[in-house]
Amino acid sequence: MTAARVLVTIEGPIAYVRLNRPDKHNGVDVAMILELIAAAKQLKRNQDIRAVILHGEGPSFCAGLDIKGVMGAGKLKVALAFLPLWKPWANRYQIVSMIWRSLSVPVIAAIHGNCFGAGIQLALGADIRLAAPGCRISIMEAKWGLIPDMAGTVLLREVLPKDVALELTYTGRVLDAVEAQHLGLLTRVVDDPLAAAKALANEIAQRSPDSVAAAKHLFDETWGNSEYGALAAERKWQRRLIGRRNQRIASARNFGKPDLPYAPRSW
């Protein structure tokens with residue numbers, strides 16, 4: 001029986017999504033992509049969680065596409081694996097990175113070891129990226145004569161200038177954690193990314209789940225939008241918060257009731 005490629009556990013308000021192919025440095029294949037999408041859909045329906053931490057088992061977060069595994073599967077399976085590239089809508093290779101944005105909770109990627117190709121695109125789908133000092137980052141598709149196609153063009157343009165994104169894509173150069181943070185690919189470099197992600201998730205969990213959800217959707221909606229569209233989105237999301245139950249609880253926590261629990265997330 002094939003072991004699950006993705007493991008989901010929930011501890012209190014935090015959900016952990018763990019890539020589980022340690023012997024392959026969590027190399028991505030079609031089965032892992034499908035399991036990641038299923039995990040995201042499952043968590044999206046859970047109104048009790050307050051954050052998701054995405055991390056990898058073994059020596060690496062994710063060393064990219066498992067080229068040997070995919071290409072060695074036989075001609076028919078290879079053809080079927082890449083058939084979605086010919087369809088005129090977002091495919092599973094793109095959805096697996098983008099779907100984390102549809103969750104109404106922060107998604108934090110805890111990165112260690114290698115984070116190449118598919119790995120960095122998956123991590124960019126998270127809201128925040130915390131990485132160990134020894135991790136290595138690369139947009140590595142050029143090594144295989146390919147381009148980033150797991151939503152990389154959407155995700156990279158939000159954190160990098162075009163010329164930097166092109167340089168890294170043209171060359172497939174491997175970055176250390178310090179340079180990757182300096183360029184904007186990483187949020188922070190920390191000694192223990194998983195522990196730091198847990199601490200951050202717990203800190204966020206002290207805020208209203210509705211205001212956190214609204215902030216996430218607001219910034220996703222307005223980043224790169226026009227000034228008019230951004231201001232309209234601010235008004236829309238504030239209307240969905242002000243005077244509602246969790247907003248009233250947040251106010252009460254500042255006026256003598258610091259332990260008053262929040263209600264479940266509204267959306």
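The values are calculated or read from the model by the stated rules, or taken from the named source; none is laboratory data. All of these numbers come straight from a predicted model, not from anything done at the bench. Cβ: placed from backbone, ideal geometry, glycine included. Neighbour counts: every protein chain shown.
Annotation note: of K143, K216, K198, the sole residue that is modelled with pLDDT under 95 and of a type outside the set (G, A, S) is K143. Restricting segment 81-118 to residues that are among the polar types (S, T, N, Q) and in contact with a Ser or Thr (Cβ under 9 Å, 6 or more places away or on another chain), which is surrounded by the most Cβ atoms within 10 Å (Cβ to Cβ)? Here the answer is N114.
Checking each residue in segment 37-58 for being of a type in the set (A, V, I, L, M), over 16 Å from I204 (Cβ atoms) and either in a loop (DSSP other than H, G, I, E, B) or out of contact with any Ser or Thr (no Cβ under 9 Å at 6 or more places or on another chain) (or both) picks out I37, A38, A39.
Does L155 satisfy the criteria of being out of contact with any strand residue (DSSP E or B) (no Cβ under 9 Å at 6 or more places or on another chain), in contact (Cβ under 8 Å) with a residue 40 or more places away in the chain, of a type outside the set (G, A, S) and outside the structural domain of T222 (by TED's automatic domain parsing)?
Values: out of contact with any strand residue (DSSP E or B) (no Cβ under 9 Å at 6 or more places or on another chain): yes; in contact (Cβ under 8 Å) with a residue 40 or more places away in the chain: yes; of a type outside the set (G, A, S): yes; outside the structural domain of T222 (by TED's automatic domain parsing): yes.
Yes; evaluated as a whole, the condition is true for this residue.
Listed here are the residues, each with its yes/no results for (1) closer than 26 Å to G134 by Cβ; (2) in contact with an Asp or Glu (Cβ under 9 Å, 6 or more places away or on another chain); (3) of a type in the set (G, A, S).
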position: V6; (1), (2), (3): yes, yes, no
position: I10; (1), (2), (3): no, yes, no
position: I33; (1), (2), (3): no, no, no
position: Q42; (1), (2), (3): no, no, no
position: S60; (1), (2), (3): yes, no, yes
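Against the numbered list (1) within 25 Å of R50 (Cα to Cα); (2) assigned to a helix (DSSP H, G or I), Y228 comes up short only at (1).
Filtering segment 140-152 to residues that are touching a residue at least 60 places away in the same chain (Cβ under 8 Å) and of a type in the set (D, E) leaves only D149.
Give, as residue ranges, the strands (runs of 3 or more DSSP E) completely inside segment 101-141 that count at least 1 residues that are among the hydroxyl-bearing types (S, T, Y).
On the way: elements: 107-111, 114-116, 128-131, 136-138.
Per the criteria, 136-138.
When segment 183-224 is filtered for residues that are β-branched (V, I, T) and farther than 25 Å from G113 by Cα, the ones remaining, listed by number, are I204, V212, T222.
Could you tell me how many of the residues in segment 180-210 are more than 21 Å from P59 (Cα to Cα), over 17 Å from the mean Cα position of the chain (by Cα) and touching a residue at least 12 places away in the same chain (Cβ under 8 Å)? Within segment 180-210, residues that are more than 21 Å from P59 (Cα to Cα), over 17 Å from the mean Cα position of the chain (by Cα) and touching a residue at least 12 places away in the same chain (Cβ under 8 Å) number 7.
Scanning segment 231-255 for residues that are assigned to a helix (DSSP H, G or I), touching a helix residue (DSSP H, G or I) at 6+ places or on another chain (Cβ under 6 Å) and among the aliphatic types (A, V, I, L, M) yields a single hit, A233. In this entry, K162 passes the filter for residues that are surrounded by fewer than 12 Cβ atoms within 10 Å (Cβ to Cβ) and under 25 Å from the mean Cα position of the chain (by Cα). Only one of the numbered conditions (1) surrounded by fewer than 20 Cβ atoms within 10 Å (Cβ to Cβ); (2) in a helix (DSSP H, G or I); (3) touching a Gly at 6+ places or on another chain (Cβ under 8 Å) is violated by L155, and that is (1).
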